[in-house]
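Student: To start, I am sharing the structure in question, which I have written as structure tokens.
A short reminder: the numbers here are calculations on the coordinates, not readings from a lab. The structure displayed is predicted, hence computed values, not measured ones. With ideal geometry, Cβ positions are generated from the backbone for all residues, glycine too; neighbour counts draw on all protein chains shown.
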Amino acid sequence: GQLDKLAKEAGLLYFGTAVDNPSLNNQNYLRVARDPAEFGSLTPANGQKWSNTQPSQGRFTYGSGDAIANIARQAGQQLRCHTLVWYNQLPGWVSSVYNRDQMQRIITAHIQNVAGHYKGRCYAWDVVNEAMEDDGRYRNNPMYRAMGVDYITHSFKIAQQTDPDAKLYYNDFNIERCCNAKINATIAMIRTIKAAGAPIHGIGMQGHSRVGMSPSKREMKETMARFSELVDEVAFTEVDIRHTKAANRRRRKRATRARLHGSCRGLFGDAKYSWIPQQYPGEGEACLWDRNYNKKPAYHSIVGLL
Ligand code: XIL
């Protein structure tokens, strides 16, 4: 086994996982999550999101994010930070702001505080998360309503000023299969914000998928090639593969195999604490360990690919 070790030997940057706070008192879970040979990188699944870090204006709380960051530090794992500006898990006091200058000041203060708190500790930051719609339009979120696309450019500039060593990522889902409307629009958006002076180093493909629905190797290679023309790094950031029943081994393997080809820079999976069962009831077997911390066939097929 030992996914991170094998990933690095194969020339990838790391193999990581997300960790959520409720899992932290579960020693069986932690034994896997803090094993640096399996996971070279940890990401707080929720702890660094706006609703956790600035629940009310000017009150910053870092307990949840710090708990995961500290585990990573103790275990010698990298920290991948997620996320600064996202329409979801965004407190109401932000989403009710419609004034451009006010929103700009709020974003500035948020990034300066949060990225400032973690300065020097984040290998990468997902600066902006999920800004595009599947049909290629900009997501009409509170930041977009107040500032238009400038909110994205602005966020990257402030993140760069605040933590100049962090790799700054744009992160989204359904941008793996080349080349749908969302991918084309994402490429256009990245060009737009770069032209406006946004420093951006990476694109994160979340990689949420379903057995039998995974993009092909060719489709993913094409996407990664196109993104690589714009940024230095491309990562799979939130890989999970949903399936309703215990899908048979062959199909599970195929889904995993398609996902791993190409020059991906990072991955994460998880076990019992995956978000999938809450969001998609009955489709919870989306990750690499089962809820008893036994490795699933998907784990072994990844090992076979690395
Ligand atoms: C999910 C978390 O895992 C859940 O615990 C939470 O309830 C909702 O958010 N895209 C993202 C992640 O970028 O932050 C989301 O994480 C899953 C979708």
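Student: Treat the count of other C-beta atoms within 10 Å as a stand-in for reagent exposure and order Ser96, Ser216 from fewest to most.
Tutor: Fewest to most other Cβ atoms nearby, the residues stand as Ser96, Ser216.
Student: So, one more: Any chance you could check the Cα centroid distance between segment 16-53 and segment 274-301 for me, in angstrom?
Tutor: 15 Å
Student: Relative contact order for segment 3-305 using alpha-carbon pairs under 8 Å, separation at least 6, rounded to a whole percent?
Tutor: Computed value for segment 3-305: 15 percent relative contact order.
Student: While we're looking at this one, here's another question. By how many degrees, between 0 and 90 and to the nearest 10, does the Cα long axis of helix 181-195 differ from the longest principal axis of the chain?
Tutor: Helix 181-195 sits at roughly 50 degrees to that axis.
Student: Subtracting the Cα-Cα distance from 0.36 nm times the residue separation, let me have the gained length for Asn88 to Asp101 in nm, one decimal.
Tutor: 2.5 nm
Student: Could you list Ser301, Ser274, Ser228 in order of exposure, starting from the residue whose Cβ has the fewest other Cβ atoms within 10 Å?
Tutor: Ascending number of Cβ neighbours within 10 Å: Ser228, Ser301, Ser274.
Student: Return the sequence-ordered ³J(HN,Hα) values of segment 50-64 in whole Hz as given by the Karplus equation 6.51 cos²θ - 1.76 cosθ + 1.60 applied to θ = phi - 60°, using x for Gly and Pro.
Tutor: So the Karplus estimates, Gly and Pro as x, are 3, 5, 8, 8, 9, x, 10, 4, x, 9, 9, 10, 10, x, 5 Hz.
Student: Would you mind checking the tilt of helix 150-162 against the longest principal axis of the Cα atoms of the chain, expressed as 0 to 90 degrees and rounded to 10?
Tutor: For 150-162 against the chain, the angle is about 80 degrees.
Student: Treat the count of other C-beta atoms within 10 Å as a stand-in for reagent exposure and order Asp163, Asp35 from fewest to most.
Tutor: Asp35, Asp163
Student: With a point put 7 Å past each Cα toward its Cβ, work out how far Thr108 is from Lys5 in nm, to one decimal.
Tutor: Inter-label distance under the simple model: 4.9 nm.
Student: How tilted is helix 249-260 with respect to the longest principal axis of the chain? Cα atoms for both, answer in degrees (0 to 90, nearest 10).
Tutor: Here the helix axis deviates by roughly 40 degrees.
Student: Using only the Cα atoms of the chain, what do you get for the radius of gyration and for Dmax, in Å?
Tutor: 18.4, 54
Student: While we're looking at this one, here's another question. Given the peptides 196-203, 88-95, arrange them by the average over their residues of other C-beta atoms within 10 Å, most packed first.
Tutor: 196-203, 88-95
Student: Using just the alpha carbons, could you tell me how many Å³ per residue the convex hull of segment 1-159 encloses?
Tutor: Hull volume over Cα atoms, normalised by residue count, gives 129 Å³.
Student: Quick one: which of 167-180, 101-114, 53-66 comes out on top by average Cβ neighbours within 10 Å, and what's the full order, highest first?
Tutor: My ranking of the peptides, most packed first, is 167-180, 101-114, 53-66.
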